[in-house]
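The values are calculated or read from the model by the stated rules, or taken from the named source; none is laboratory data. Because the structure is a prediction, the values reported are computed rather than measured. When we count neighbours, we look across all protein chains shown, and the Cβ atoms used for this are built from the backbone with ideal geometry, even at glycine. Heads up: the accessible areas ignore ligands, DNA and RNA and are worked out on the full protein's heavy atoms, side chains in. Shrake-Rupley method; radii C 1.70, N 1.55, O 1.52, S 1.80 Å.
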Amino acid sequence: QVQLVESGGGLVQAGGSLRLSCAASGRTFNSYAMGWFRQAPGKEREFVAAISWSGGNTYYTDSVKGRFTISRDNAKNTVYLQMNSLKPEDTAVYYCGADLRAGVGFLPYEYDFWGQGTQVTVSS
């Protein structure tokens with residue numbers, strides 16, 4: 001079992017920044033990959049970024065490359081998503097997920113556990 005708790009969401013103007021955090025508990029944190037997904041109203045949950053168990057490999061969807069950075073601190077059992085140059089189209093509920101398989105997933109069904117989500121709203 002893995003428990004995930006996100007924090008750091010909020011309301012920000014376009015061009016602003018936010019940092020999301022996801023604290024994990026349960027299974028040894030440095031044994032699995034982590035990902036961030038988002039879901040806007042009326043849309044499916046979509047991949048944003050992922051990071052390998054060691055932090056040595058990171059992956060991003062094209063729309064956030066150069067603006068978002070995923071990182072993890074295995075000593076603190078926490079994964080982060082630094083979001084810069086935010087745009088109104090980034091508005092969504094952001095979820096962190098734990099992928100307990102070998103490798104890194106890019107689809108929601110590949111993740112075994114999810115946090116409750118945190119709302120990010122970007123005003124124009």
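Numerical summary
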| quantity | calculated |
| --- | --- |
| Some residue of segment 41-57 being among the polar types (S, T, N, Q), open to solvent by less than 60 Å² (accessible area, probe 1.4 Å) and either assigned to a strand (DSSP E or B) or touching an Asp or Glu at 6+ places or on another chain (Cβ under 6 Å) (or both) | no |
| Filtered residues of segment 1-30 (kept if modelled with pLDDT of 95 or more and either assigned to a loop (DSSP other than H, G, I, E, B) or on the phi > 0 side of the Ramachandran plot (or both)) | 8, 9, 10, 14, 15, 16, 17 |
| Condition broken by residue 102, with the remaining ones in (1) open to solvent by less than 10 Å² (accessible area, probe 1.4 Å); (2) among the aliphatic types (A, V, I, L, M); (3) more than 10 Å from the chain's Cα centre (by Cα) satisfied | (1) |
